[in-house]
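Reviewing the structure listed below.
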Amino acid sequence: SYVAGQLAESDVEFRKSYTNKIYNRSSAMLESIKSAILKNVQGVVSVAPYENCTNEVDSAGRWPHSIEVVVEGGDATEIAQQILNTKAPGINTFGSVETTLHGIYGEEIIVRFNRPTYVYVWFQVGVTLSSSINTPTNYADLIKETILECMEGVEAGSDVVPQRFTTELYRKVAGIDYFDIRLFSSTDSSASPSSYTERSVSITARQRAITSESRIGVGIDG
């Protein structure tokens, strides 16, 4: 009988999964929690763990000696179980999502975590075509596909910095001398950009930046 496989990973997905496999062998608590959730909970898209190791409530509102895990996707009970299994004893969990689990003696244990809120990002990509290398006719589609792939690797709490995408863009889209990327962002998915004035988008610990093909425009600058 055949052995079922899976679709090949994109470059971004491969780098992400390779890093998480390394973290799975790490003794660092936050990295281990992240790896355990990604490895053992289906449907998880992004995991961003944070810790307040001080004796005071921190600037993000986290309790003293607590961890906050921001998770997109996956079953809440399964996520909570992985956090409980992996966190150090005596460390509190912080978040608005509360799940009640049971300990080895049947006692109730409340595990908390957070879900990210979305920041929607629009891209306006100006390109300068090369005079010496032929540009593929579908260059606009290739640019959109590359940006979508790069955005999949932007996890909760990570800023959107388009300069980090340019290596992939130059590698995958031939015949482009220069990419000029400007942004517009909003927490309102129905917003309509009147201008693109941002060069990067700052994301808080409890947010995740997302985009879509319809939010990416490509034009020729020169």
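Calculated FRET efficiency, ALA76 and ALA28, Cβ-Cβ r, R0 22 Å, to nearest 0.05?
That pair, ALA76 with ALA28, gives E of 0.35.
At 37 °C and 0.692 mPa s, what whole-number value in µm²/s does Stokes-Einstein give for the translational diffusion of region 66-127, with Rh from the Kirkwood sum over Cα pairs?
246
Under unit Cβ charges (Lys, Arg +1; Asp, Glu -1), what dipole magnitude, rounded to 20 debye, does the chain have relative to its Cα centre?
Using Cβ point charges on Lys, Arg, Asp and Glu, the chain gives about 280 debye.
Tell me, what ³J(HN,Hα) does each residue in region 82-96 have, in order and in whole Hz, if you take phi through Karplus 6.51 cos²θ - 1.76 cosθ + 1.60 with θ = phi - 60° and put x for Gly and Pro?
Rounded to whole hertz, the list is 5, 5, 4, 5, 9, 5, 6, x, x, 8, 6, 10, 10, x, 8.
May I ask you to derive the relative contact order of region 150-222, considering only C-alpha pairs under 8 Å and at least 6 residues apart, and to give it as an integer percent?
48
Quote the relative contact order of region 34-82 in percent (integer), defining contacts as alpha-carbon pairs under 8 Å separated by 6+ residues. Could you put the intermediate results ahead of the total?
Numbers: 71 pairs, mean separation 20.2, N = 49.
Relative contact order, region 34-82: 41 percent.
Multiplying the sequence separation of SER186 and GLN163 by 0.36 nm and subtracting their Cα-Cα distance, what value in nm do you get?
Values: separation 23, 0.36 × 23 = 8.28 nm, distance 2.01 nm.
Net length gain for the segment: 6.3 nm.
With a sphere of radius 15 Å drawn around the Cβ of SER200, what net charge do the other residues whose Cβ falls strictly inside it have (Lys, Arg +1; Asp, Glu -1)?
Values: positive: ARG164, ARG182, ARG199; negative: ASP159, ASP180, GLU198.
In short, 0.
Over the chain, with a Gaussian network built from C-alpha contacts below 10 Å, which listed residue (SER189, SER158, SER200) shows the highest mean-square fluctuation?
Its mean-square fluctuation being the largest, the pick is SER189.
Using θ = phi - 60° and the Karplus curve 6.51 cos²θ - 1.76 cosθ + 1.60, what whole-Hz ³J(HN,Hα) does each residue of region 153-169 get, with Gly and Pro shown as x?
Per residue, the Karplus-derived 3J(HN,Hα) values read x, 8, 8, 4, x, 9, 5, 9, 10, x, 4, 6, 8, 5, 4, 5, 5 Hz.
Take the alpha-carbon centre of region 26-81, take the same for region 147-214, and report the distance between them in whole Å.
25
Would you mind getting me the FRET efficiency between LYS172 and LYS39? Use the beta-carbon distance for r and R0 = 45 Å, nearest 0.05.
It comes out at approximately 0.95.
Using amide H atoms built 1.01 Å from N in the peptide plane, name the residues 5+ places from SER46, or on other chains, whose amide H lies under 5 Å from its own.
Sorted by chain and number, the residues that satisfy this are GLU72.
What longest region of the chain stays clear of trypsin sites (Lys or Arg not before Pro) that DSSP places outside H, G, I, E and B and that have at most 15 other Cβ atoms within 10 Å?
Longest site-free region, per DSSP loop and neighbour criteria: 26-198.
Mind listing the long-range amide H neighbours of TYR178? Cut-off is under 5 Å, sequence gap 5 or more, other chains count too, H placed in the peptide plane at 1.01 Å from N.
Amide H neighbours of TYR178: THR128.
Contact order normalised by length for region 68-162, with contacts defined as Cα pairs under 8 Å and 6 or more residues apart; what percent is it?
Reported relative contact order: 27 percent.
Considering the alpha-carbon set of region 42-153 alone, what are its Rg and its Dmax in angstrom?
Just the Cα atoms of region 42-153 yield Rg and Dmax of 21.3, 73 Å.
Compute a Gaussian network model of the chain, connecting alpha carbons closer than 10 Å, and tell me which residue from TYR118, TYR105, TYR178 fluctuates the most.
Maximum fluctuation in the GNM of the chain, among the listed residues, is at TYR105.
Just to be sure I understand: of the beta bridges DSSP finds with both ends in the chain, what percent are antiparallel, rounded to 5?
Antiparallel bridges: around 65 percent, rounded to the nearest 5.
Hey, with R₀ at 41 Å, roughly what FRET efficiency would GLU107 and SER59 work out to, going by the Cβ-Cβ distance, to 0.05?
Once rounded, the FRET efficiency stands at 0.80.
Take every Cα-Cα distance within the chain, group them into 5 Å bins from 0 onward, and report for each bin the whole-number percent of pairs it holds.
Reading upward from the zero bin: 1, 6, 12, 15, 15, 14, 11, 10, 7, 4, 3, 1, 0, 0, 0.
Any idea what Rg and Dmax come out to for region 146-206 if you just take the C-alpha atoms, in Å?
Answer for region 146-206, Rg first and Dmax second: 12.9, 39 Å.
Could you identify which residue out of ASN52, ASN138, ASN92 has the top mean-square fluctuation in a GNM of the chain using Cα springs shorter than 10 Å?
It is ASN138.
Bear in mind that the values in this text are calculations on the coordinates, not laboratory data. Since we're looking at a predicted model, the values are computed, not measured. Every residue, glycine as well, gets a Cβ built from its backbone with ideal geometry; the counts of neighbours run over all protein chains shown.
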